[in-house]
Amino acid sequence: MPSTIRLDIVSTERELFSGECAMVIAPGVMGELGIMPRHSPLVTRLKPGEVRAELPQGGEETFYISGGILEVQPHVVTILSDTGNRAEDLDEAAALAAQEQAERMLADRGSDIDEARARAELAQAAAQLQAIRRLRNRR
């Protein structure tokens with residue numbers, strides 16, 4: 001039997017995934033992380049983006065997270081995120097609308113906006129759109 005690592009992805013709303021994986025790919029703030037069984041212990045922050053779980057029997061599960069924390073133990077990877085969805089559940093129209101709204105907020109410098117919040121919303125919308133496009137290209 002191939003070596004596996006357990007992956008648990010949890011958002012504040014629900015558990016998104018719990019199962020065995022051959023490899024986990026996650027969007028670290030310093031770059032993409034690839035985690036395989038018996039990886040060294042690690043705790044790091046994640047940016048908004050796509051988490052991919054390569055399954056032991058082949059195939060892949062894809063999720064979108066809004067950022068969060070990743071913890072690696074020798075046999076378990078835990079991802080904690082404020083929000084998350086399976087990639088196929090993402091709404092492209094809603095992500096495009098959120099991106100446009102954030103861009104308008106940033107362009108309107110005269111208004112009383114929270115620039116950090118607008119930039120975070122823009123980053124999340126862009127990450128959702130990227131996850132949607134990657135999923136579409138794989139099909």
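The values are calculated or read from the model by the stated rules, or taken from the named source; none is laboratory data. These figures come from a predicted structure and were not determined experimentally. No Cβ is skipped: glycine too gets one built from the backbone with ideal geometry, and neighbour counts run over all protein chains shown.
Counting only residues that are more than 17 Å from the chain's Cα centre (by Cα), among the aliphatic types (A, V, I, L, M) and loosely packed, with under 15 Cβ neighbours inside 10 Å, the stretch 1-35 holds 1 of them.
When the stretch 121-133 is filtered for residues that are of a type in the set (A, V, I, L, M) and either crowded, with 21+ Cβ neighbours inside 10 Å or under 12 Å from Thr83 (Cβ atoms) (or both), the ones remaining, listed by number, are Ala125, Ala127, Ala131. Flag: Arg119 matches the condition of being outside any strand (DSSP E or B) and without any contact (Cβ under 8 Å) to a residue 40 or more places away in the chain. Going by the structure shown, is Leu96 over 23 Å from Ile25 (Cβ atoms) and hydrophobic (A, V, I, L, M, F, W, C)? Against the criterion (over 23 Å from Ile25 (Cβ atoms) and hydrophobic (A, V, I, L, M, F, W, C)), Leu96 qualifies.
Candidates Leu70, Leu135, Leu122, Leu90: the one that is within 17 Å of the chain's Cα centre (by Cα), closer than 13 Å to Ile9 by Cβ and not hydroxyl-bearing (Ser, Thr, Tyr) is Leu70. Just one of the listed residues (Pro56, Pro41) is touching a Pro at 6+ places or on another chain (Cβ under 9 Å), exposed (fewer than 12 other Cβ atoms within 10 Å of the Cβ) and either at pLDDT 80 or above or closer than 21 Å to Gly19 by Cα (or both), namely Pro41. Among the residues making up the stretch 37-64, those that are outside any strand (DSSP E or B) and in contact (Cβ under 8 Å) with a residue 12 or more places away in the chain are Pro37, Arg38, His39, Ser40, Pro41, Lys47, Pro48, Leu55, Pro56. Can you confirm whether the stretch 95-104 contains a residue that is surrounded by 12 or more Cβ atoms within 10 Å (Cβ to Cβ) and among the acidic types (Asp, Glu)? For the stretch 95-104, residues surrounded by 12 or more Cβ atoms within 10 Å (Cβ to Cβ) and among the acidic types (Asp, Glu): present.
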